[in-house]
1. From the Cα trace of the chain, what convex hull volume per residue do you get, rounded to a whole Å³?
2. Tell me, what is a quarter of the convex hull surface for the C-alpha atoms of segment 3-53, in nm² with one decimal?
3. Just need log10 I(q)/I(0) for segment 1-121 at q = 0.13, 0.17, 0.21 Å⁻¹, Debye formula, equal scatterers on the alpha-carbon atoms, no solvent, rounded to two decimals.
4. Suppose only helical runs count, i.e. DSSP H with n ≥ 4. What mean residue ellipticity at 222 nm does that imply for the chain under -39500 (n - 2.57) per run, divided by all residues and rounded to the nearest 500 deg cm²/dmol?
5. Compute log10 of I(q)/I(0) for segment 79-173 with the Debye formula, placing one identical point scatterer on every Cα and leaving out solvent, at q = 0.11, 0.12, 0.22 Å⁻¹, to two decimals.
6. Using only alpha carbon pairs under 8 Å that are at least six residues apart, calculate the relative contact order of segment 1-132 and give it in whole percent.
7. By how many nm would the segment from Phe167 to Leu120 lengthen if fully extended, with 0.36 nm per residue of separation less the alpha-carbon distance?
8. Hey, with R₀ at 30 Å, roughly what FRET efficiency would Lys225 and Arg190 work out to, going by the Cβ-Cβ distance, to 0.05?
Amino acid sequence: MAKKNTSPDHVAIIMDGNGRWAQKRGKPRLFGHHAGAKRVREIVEACPTLGVKYLTIFAFSTENWKRTQTEVAGLMRLFRRYIQREARALFEAGVRVRFIGDRVRLEDSLVKMMDDLELLTAGNDAVHLTIAINYGGRDEVARATRRLAYDVAGGKLDPRDVNDETFTRYLDTCYLPDPDLVIRTSGEARISNFLLWQSAYSEYEFIPTLWPDFTAAEFEKVLAKFGDRERRFGAVLT
Ligand code: FPP
């Protein structure tokens, strides 16, 4: 008898299609990002009812710096505004917020706001929201390897103890279980450097809807479909 899933504990989302959503309306790309940010609230709020404990969203990749200066600056402003406007509501809803990605290239004022939000919500446990900013899977693995190498060089880690489990502890996501389900909106079927290590056994859903149109109702449908899938993790179920 095939083993069926219940709700996924950890859902990761590649929020794609903001630019096309705006272009379809004859608006600048940033208009789409603003609409996308509003959708984030709806999806986060739906998590407790849908049984999702961990939600990880891809807000800005290590490759996104290649966009125009106007778009990059607009996105950075949007992240600051999002934190400013949403901090209280997130705190009161019991959401614990954490950020992954390399903070070195981010403006100090944004990093300070990210640190403050992490601190403010550190005692929460209803939903664990992880926001990936200046995040790339390969970059994360490289930074984790660098930290691990320092520990080996400093005598804190025996090279014979380096394995899957110890390596995982050096990743930005060391506090997270692996994602059960990765959703990408906008019809593109790529993972674009998102959670490369962590998604080794994740299920994928590529949804044609553009991110600003992705509602909580559609989210619920995607999760129900996940419940019907059989996961084997490389084994044969009897
Ligand atoms: C991809 O769509 C989306 C992004 C690079 C930015 C994601 C940001 C948000 C959803 C809003 C802000 C998020 C938070 C957490 C406040 P795209 O621009 O590549 O779309 P396209 O493929 O249609 O051009």
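1. Normalising the Cα hull of the chain by residue number yields 139 Å³.
2. 4.4 nm²
3. Each listed q corresponds, in turn, to -0.59, -0.97, -1.37.
4. Computed ellipticity for the chain at 222 nm equals -13500 deg cm²/dmol.
5. Normalising to I(0) and taking log10 leaves -0.42, -0.49, -1.06.
6. 29 percent
7. Roughly 14.0 nm would be gained on extension.
8. 0.90
Bear in mind that the values in this text are calculations on the coordinates, not laboratory data. Note that the coordinates shown come from a computational prediction; the quantities given were computed from them, not determined experimentally. Neighbour counts run over all protein chains shown; Cβ positions are idealised from the backbone, glycine included.
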